[in-house]
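So the structure is just underneath, and the comments pick up after that.
Nothing in this text is a laboratory measurement; each read-out follows from the coordinates by a stated rule. Computed from a predicted structure; not experimentally measured. Using ideal geometry, Cβ is built from the backbone for each residue, glycine included, and neighbour counts are taken over all protein chains shown.
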Amino acid sequence: MCHKTKKAMNTDTVELLRECEAGSKMATNSMEQMMSYIGNEDLKKLLEGKNNEHIKLGEECHHILCEVGVEDKDPDPMASFWAKAQTGVKMTLNGDTHQAAKLLMDGCSMGIQSISEYMNKYTGADHRALAIAEKLRNIEKDMLEELEAYV
């Protein structure tokens, strides 16, 4: 549970951090689901590392938001449902490393697009929130590049 302190935070900062936290959760959920389908140990190792980066970033957002008494934001339930269903169907039909990498790359691209959109929308966010958003975007960009070796 979050307890509000004397620190204040503007609306753009709060919203950008909430979106970063939700994006990190969405990525983590997707990677953890994908792990059960992947047999390639190198790809699993890559996912484990990137998953840990997303978890740490989400925890950082959570901590900052809790300082001012703001509750978490979960990913959109419908988006989570459709992502999970799509992954399940595609991996069941053709669950090879190539397909997994393609699905993960699609997720990275969506993440980059979303966080860029939120950075442009919440221009009044403070430097700390913008730095976290940029870090999330860079994690996604790096992962996208690293996944190219598996398609």
**Item:** A131-S36 pseudo-label distance in nm [points 7 Å out on the Cα-to-Cβ vector]
**Value:** 3.8
**Request:** Quick one: of K44/K102; K73/K102; K50/K102; K25/K135; K44/K73, which pairs are farther than 20 Å apart, Cα to Cα?
**Result:** K73/K102; K44/K73
**Request:** Please list 98-109, 13-24, 115-126 highest first by mean number of surrounding beta-carbon atoms within 10 Å per residue.
**Result:** 13-24, 98-109, 115-126
**Message:** Once R0 is set to 22 Å, what does the formula 1/(1 + (r/R0)^6) return for the Cβ-Cβ distance between E117 and D96, expressed as a FRET efficiency to the nearest 0.05?
**Reply:** 0.10
